[in-house]
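Asks: Dropping the structure in here first, questions after.
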Amino acid sequence: MTQQLGLKVLVADDTAANRNMMDAFLRKLGFSCVTARDGREAVQVFEHEQPDLVLMDLMMPVMDGFEATRLIRQKQGARWVPVVILSALSTEEDIIAGLDCGADDYLTKPISFAVFSAKMRTMIRLLTMQRSVSDALERVNAISNAVIDGVMSVDEDGIIQSSNRAACQLFGYDCVELVGKKVDMLLADPDGAALDHIVRPCLAGGEPHSIGRIREFTARRKGGGTFVAEIGVSEMKL
């Protein structure tokens, strides 16, 4: 299963014997392996190699594993990369600190190969599920962006959750400028109140008179220009 996924693991440890042992463990399980000798090098290797999983020691020179894990979390972007701490530090405070800095799991040294193998199987299952969700979202986004009409999703508070490419072009905004903003910003007064009147009864459990109907509103582009738009409302229950 690991070979099918082609998983690459970054091992960060300042002790050569530990790096060699983990390299042997990982290759026996079918992973490929890259290594780093300290936290700073781990962050650099992470950026360059883009591994699927990180095994992080805590007590290392130059930069410790706590700080390296925090930086890796900042640099991973939308792609989730599990970080598992492997450390001789075994107190409750150490484990809590390791998890609080962004790690997903914590194993204490010396490490049993049987326990390590079981943990890696768990990580494979999590990564498989995560990749399946990511692939599904990418397909949905590709379909949405291929639609000629503008499509937006808005939550029960009127906050824009997503916008396809056509809607962004129509209103003159980048997607990041729209997500998280009130949908009223796209409607010229007093149409914002009119849309609120149509949508609010649906959210309050009333009769969804607007669902499936097309209405005309005066819309507002970035910069203040207006145009007449036809707006249809559909409901999704998540």
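Asks: Per-residue ellipticity at 222 nm for the chain, helices alone: DSSP H runs ≥ 4 residues times -39500 (n - 2.57), over residue total, nearest 500 deg cm²/dmol?
Replies: Details: 9 runs with 107 residues, N = 238.
Calculated mean residue ellipticity at 222 nm is -14000 deg cm²/dmol.
Asks: What's the Cα-based Rg to Rh of the chain, Rh via Kirkwood? Spell out each step's value before the answer.
Replies: Working: Rg = 24.7 Å, Rh = 21.4 Å.
Computed over Cα atoms, the ratio is 1.16.
Asks: For Ala88 and Lys8, what does the FRET efficiency come to when R0 = 30 Å and r is the distance between their Cβ atoms, rounded to the nearest 0.05?
Replies: 0.75
Asks: What are the residues whose amide H is under 5 Å from the amide H of Val34, where those residues sit 5 or more places off or on another chain and H is modelled from the backbone?
Replies: Val9, Leu10, Val11
Asks: A follow-up question, please. Of Asp94, Asp14, Asp189, which is the most mobile in a GNM of the chain whose springs link Cα atoms less than 10 angstrom apart?
Replies: Asp189
Asks: For the chain, what is the percent of antiparallel DSSP beta bridges, rounded to the nearest 5? Working shown, then result.
Replies: Details: 12 of 29 bridges.
Close to 40 percent.
Asks: Could you list, in their original order, any pairs among Lys28/Lys75; Lys8/Lys75; Lys182/Lys222; Lys75/Lys182; Lys75/Lys181; Lys8/Lys119 whose Cα atoms are separated by more than 19 Å? Don't jump to the answer; show the numbers that get you there.
Replies: Details: Lys28/Lys75 29 Å; Lys8/Lys75 17 Å; Lys182/Lys222 14 Å; Lys75/Lys182 29 Å; Lys75/Lys181 26 Å; Lys8/Lys119 15 Å.
Exceeds cut-off: Lys28/Lys75; Lys75/Lys182; Lys75/Lys181.
Asks: If r is the Cβ-Cβ distance from Thr218 to Arg139 and R0 is 35 Å, what FRET efficiency results, to the nearest 0.05?
Replies: Computed FRET efficiency for Thr218 and Arg139 comes out at 0.50.
Asks: For the pair Ser32/Ser117, report the inter-label distance in nm, with labels modelled 7 Å from Cα in the Cβ direction.
Replies: 2.4 nm
Asks: Per residue, how many Å² of accessible area does the chain show with a 1.4 Å probe?
Replies: Per residue, the chain has 57 Å² of solvent-accessible surface.
Asks: Between Val233 and residues 5 or more places away or on another chain, which pairs have amide H atoms under 5 Å apart, with H built 1.01 Å from N, and which residues are they?
Replies: Amide H to amide H, under 5 Å and 5 or more residues apart or across chains, Val233 pairs with Gly212, Arg213.
Asks: With charges set only on the Cβ (+1 for Lys and Arg, -1 for Asp and Glu), what does the dipole of segment 1-109 come to about its Cα centre, in debye to the nearest 20?
Replies: 480 debye
The values are calculated or read from the model by the stated rules, or taken from the named source; none is laboratory data. Here the structure is a predicted model, which means the values were calculated and not measured. Here Cβ is always computed from backbone atoms with ideal geometry, including for glycine, and neighbour counts include all displayed protein chains. Just the protein is used for accessible areas: all its heavy atoms, side chains included, with ligands, DNA and RNA removed. Shrake-Rupley method; radii C 1.70, N 1.55, O 1.52, S 1.80 Å.
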